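Encoded as structure tokens, the structure appears first; notes follow it.
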Amino acid sequence: MATPRTSEKKSPTKKTAATGTSDPTETLAAEVLQTLLHRGLVRLGEPARISEVARETGEEVVTPALARHVMASTPRRFVAVDRRWDITSRYLDKTRPLERILEELIAVYGAPLPTSEAAGELGQVTGRVRESFDEVAPRLLRGNPFFPVAGGLAYGLKSWLLDMTSEREDDLLFYNYLSAEKLAPFAKAAKGLDWETDLAGSARMVVQAGGKEAVDNRVVQYYAWKNLGEDFDGAALYDAMATDRETFLALPDHRWLLTENIEALRQLWTVQAAQAAEMVIEEPAAEAVPAAATEALPLEVTGEDAEEIAHFFDGLEEIVRVPDLLTQVFDIRPGSRTFADDTMTLTEYLRGKPGKFVWVGADRFRAPGTLPPYIGQVPESLTFPTLPRFETADGEILDQMLADEGLEEGLQQEILDPVSQDVNDQEAASRTVWAEGANAAATRLRLVLKNHHKEIGTFPLAQIPTGFFPTEPNIVELTLLDASGTPSSIYVDYDVQLAYGLFDVYSEIAAESGAVVYLEKTDKPDEYKFIDENETDPGVFVSPARMEELLDFRTEVEAGSPLSTYDIVRRILDHYGVKKGCSFLTLLTEVNLVRRTPRRLLASILSGYAAFHPRAERWTFDAKKEPEGFDKSKAEFILKR
């Protein structure tokens with residue numbers, strides 16, 4: 001079948017990638033992605049959010065950030081319209097003949113345009129409803145510039161086919177911009193092909209000879225014509241290739257790419273997506289079209305928006321920040337006039353849907369069920385064991401708890417030191433005796449790390465003034481920066497009064513107990529620096545040799561018959577001797593290395609028995625006074641259990 005020459009035939013020109021690269025693979029990757037994005041927008045039928053467009057490509061590696069970068073870099077093809085993206089072909093001069101508009105729509109589409117979508121595109125260009133063209137579009141497509149594909153379900157341009165105006169080979173090559181040099185790379189592959197019974201298979205062999213590049217359709221059709229002669233039908237060959245979507249992808253400028261070559265492009269898109277995620281892209285310069293000049297209105301979350309947001313969260317295990325959600329779903333970026341208000345609007349919307357979105361502080365949200373499972377629990381190693389009642393041979397009860405009024409005066413203050421407090425053993429913040437400058441407004445906070453927290457990556461909120469961290473919600477997710485600036489997530493649980501997730505930053509700390517670390521605020525309300533200056537606290541530090549002794553003692557206590565806390569305290573103070581002794585904080589640290597013990601119980605034992613007494617702010621044990629037992633003057637302060 002002869003194909004008449006038309007005025008639309010153009011000599012193919014080399015495309016330039018959006019990135020301006022001359023690398024053939026990057027150029028092809030950019031062209032293919034532009035094509036996929038364009039066709040996705042055609043299928044969507046109207047301007048769409050960046051996340052919708054990215055999803056419509058069908059390529060999982062194409063992220064909203066990458067899609068935005070490509071479209072913003074291709075203003076001749078794509079345009080931003082009121083927080084959505086559109087194709088510029090929808091802003092053609094609507095006063096032109098409809099047939100001519102259809103030709104241009106199909107040309108930029110670069111493949112046979114489905115009849116139903118042709119009606120929709122005409123509606124977009126003319127500003128009329130799609131239904132107005134449901135009958136008009138098929139009639140126009142039966143006109144001279146077009147040819148049917150898949151039985152009339154779609155139409156391509158006859159200008160894509162081999163121009164058969166003249167059957168003299170020299171003229172045919174001239175009219176189709178072909179040459180011996182251009183055809184030579186395909187000559188070997190074209191020999192012996194069965195064009196009569198396997199059009200698509202034969203075409204595949206020719207396109208494959210082009211390597212990983214796209215191949216001009218007229219090259220394929222030339223070799224089919226050489227083989228079939230008068231039986232050659234360019235439209236039928238194109239139809240066979242276009243309907244074999246598992247093998248061929250049609251590209252603009254009447255070219256074919258084997259789908260097997262797309263995998264290499266996906267690898268490049270993956271790299272580009274990671275780069276695009278880190279880029280701050282300026283608002284794209286809109287083409288001179290009426291809709292692009294529309295001023296952005298404040299965000300209102302519609303039902304359609306709600307579905308899109310839910311879809312965005314679906315399957316995500318990590319946090320989602322509201323600014324990222326605005327950018328990727330609504331295409332609203334920092335610097336936009338309404339960005340600050342839109343951030344508040346979207347944050348309030350998400351907070352109002354606690355069953356669908358879990359607020360974890362500031363502008364952070366999570367999908368339900370994605371917080372680490374250990375949050376909300378006190379690890380067993382931090383709990384206080386249930387102990388039997390201990391009595392002396394004379395029937396005197398040991399380990400009696402006293403009211404604060406019965407404690408020695410110095411101990412009444414020491415138990416209010418935040419370092420002496422711990423999870424399930426802490427005072428109200430208003431009663432805690434904070435160090436000077438330790439308050440919610442502090443920019444830097446000194447903390448002391450105890451062994452039982454270092455081992456499991458936790459930290460007690462008892463040492464952190466209320467307000468230093470964001471005070472709501474009950475579980476707050478924060479970012480912690482280590483010395484190298486590497487971020488990690490930690491979780492502050494106000495119900496349990498623990499911070500979780502510090503195991504990695506603890507791994508570089510040498511001291512097993514008593515390391516002094518600092519938390520420092522940054523300019524972000526949910527980000528902190530973790531600083532280790534290789535400092536230790538004298539009251540909590542335990543040397544390696546002493547640590548080994550105490551752990552042996554713990555093993556002994558756990559393996560033997562229950563031992564009273566009184567006996568544990570006596571043995572530890574025996575180690576320090578009557579003259580030297582140790583501070584309350586050191587004793588509390590060592591007792592807890594042997595067995596988890598509340599600070600008030602230790603203070604009660606020290607205050608209630610004559611054998612224990614302070615010497616220059618250090619506690620000692622005098623075995624000579626042990627027979628005196630419990631101080632009867634403290635009896636009125638004993639708390640009933």
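The values are calculated or read from the model by the stated rules, or taken from the named source; none is laboratory data. This structure is a prediction, so every number in the text was calculated from the model and none was measured. Cβ: placed from backbone, ideal geometry, glycine included. Neighbour counts: every protein chain shown. For accessibility, only protein heavy atoms count, side chains too; no ligands or nucleic acids. Shrake-Rupley method; radii C 1.70, N 1.55, O 1.52, S 1.80 Å.
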Query - Dipole magnitude of the range 507-638 about its Cα centre (Cβ charges: Lys, Arg +1; Asp, Glu -1), debye to nearest 20 - result: 780
Report summary line: Taking Lys and Arg as +1 and Asp and Glu as -1, residues besides ALA29 with C-beta under 10 Å from its C-beta add up to -2
Requested in this report: State which entries of LYS94/LYS212; LYS454/LYS634; LYS580/LYS632; LYS454/LYS625 exceed 31 angstrom in Cα-Cα distance in the structure shown.
Outcome: LYS94/LYS212; LYS454/LYS634; LYS454/LYS625
Query raised in the report: Which percent of the accessible heavy-atom area of the chain goes to carbon and sulfur, probe 1.4 angstrom?
Result: 50
Query raised in the report: In the range 576-641, which chymotrypsin sites (Phe, Trp or Tyr not before Pro) are in a loop and have at most 10 other Cβ atoms within 10 Å, using DSSP for the loop call?
Result: none
Requested in this report: Note the full-extension length gain between ALA393 and ASN144 as 0.36 nm times their separation in residues minus their Cα-Cα distance, in nm to one decimal.
Outcome: 78.3 nm
Query raised in the report: Using only the Cα atoms of the range 360-500, what do you get for the radius of gyration and for Dmax, in Å?
Result: 18.3, 63
Query raised in the report: Stokes-Einstein at 10 °C, 1.306 mPa s, Kirkwood radius from Cα pairs: D for the range 489-627 in µm² s⁻¹?
Result: 92
**Report entry** Separation of the ALA610 and ASP23 label points, Cα + 7 Å toward Cβ, nm
**Finding:** 8.6
Report summary line: The relative contact order of the chain, taking Cα pairs under 8 Å that sit 6 or more residues apart, comes to a percentage of 10
Query raised in the report: Once Rh is set to the Kirkwood radius over Cα pairs, what Stokes-Einstein translational diffusion coefficient, in µm²/s, holds for the range 427-506 at a temperature of 25 °C and a viscosity of 0.890 mPa s?
Result: 183
Query raised in the report: With labels modelled as points extended 7 Å from the Cα through the Cβ direction, what inter-label distance (nm, one decimal) is found for ALA483 paired with ALA236?
Result: 7.7
Requested in this report: Could you work out the Rg to Rh ratio of the range 21-109, with Rh taken as the Kirkwood radius (inverse of the mean 1/r over all Cα pairs)?
Outcome: 0.99
Query - Farthest toward positive dipole pole in the chain [+1 Lys/Arg, -1 Asp/Glu at C-beta], among GLY361, GLN400, TRP434 - result: GLY361
Report task. Between beta-carbons, use under 12 Å as the cut-off and find the net charge around GLU260, counting Lys and Arg +1, Asp and Glu -1. Result -> +1
Requested in this report: Pop the C-beta distance of TYR518 and GLU318 into the FRET formula with R0 = 41 Å and round what comes out to the nearest 0.05.
Outcome: 0.90
Query raised in the report: Once the Cβ-Cβ distance between ASP82 and GLU278 is put in as r, and R0 is 22 Å, what FRET efficiency do you end up with, to the nearest 0.05?
Result: 0.25
Query raised in the report: Which shape class, rounded, prolate or oblate, goes with the range 289-408 when its Cα gyration tensor gives a ≥ b ≥ c as root eigenvalues, a/c under 1.5 marks rounded, and past that a/b bigger than b/c marks prolate?
Result: prolate
Query raised in the report: If you take the beta carbon distance between GLU405 and ARG618 as r and set R0 to 30 Å, what does 1/(1 + (r/R0)^6) give as a FRET efficiency, to the nearest 0.05?
Result: 0.80
Requested in this report: Report the one residue of VAL578, PRO562, THR486 whose Cα lies farthest in the direction of the positive end of the charge dipole of the range 486-599 (charges on C-beta: Lys and Arg +1, Asp and Glu -1; origin at the Cα centre).
Outcome: VAL578
Report summary line: In debye to the nearest 20, the charge dipole size for the range 521-590, taken about the Cα centre with +1 at each Lys and Arg Cβ and -1 at each Asp and Glu Cβ, equals 360
Query raised in the report: Using the alpha-carbon atoms, what tilt in degrees (0 to 90, nearest 10) does helix 565-580 show relative to the longest principal axis of the chain?
Result: 70
Requested in this report: Would you calculate a helix-derived [θ] at 222 nm for the chain, using -39,500 (n - 2.57) for each DSSP H run of n ≥ 4 and dividing by the full residue count, to the nearest 500?
Outcome: -11000 deg cm²/dmol
Report task. Using only the C-alpha atoms of the range 525-589, find the volume of their convex hull and express it per residue in Å³. Result -> 157
Query raised in the report: Summing +1 for each Lys or Arg and -1 for each Asp or Glu, what net charge is found among the other residues whose Cβ lies under 10 Å from the Cβ of VAL433?
Result: -2
Query raised in the report: If one computes the Cα centroid of the range 600-641 and of the range 298-367, what distance in Å separates the two points?
Result: 59
Report summary line: The size of the Cβ-based charge dipole (Lys, Arg +1; Asp, Glu -1) of the chain about the Cα centre, to the nearest 20 debye, is 860
Query raised in the report: Just for the Cα atoms in the range 47-189, what are the lengths along the principal axes, largest first, rounded to whole Å?
Result: 54, 38, 28
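At 1.4 Å probe size, with every protein chain present, just tell me what the per residue accessible area of the chain comes to in Å².
So the chain comes to 48 Å² accessible per residue, rounded to a whole number.
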**Report entry** Residue among LEU411, THR471, ALA187 farthest towards the positive dipole end of the chain, charges placed on Cβ
**Finding:** ALA187
Report summary line: Taking a straight Cα-to-Cα line shorter than 15 Å from LYS524, and setting aside same-chain aspartates and glutamates fewer than 8 residues away, one finds ASP363, GLU477
Requested in this report: May I ask you to list the aspartates and glutamates whose Cα is less than 18 Å away from that of LYS182, ignoring any residue fewer than eight positions away on the same chain?
Outcome: ASP163, GLU169, ASP170, ASP171, GLU213, ASP216, ASP253
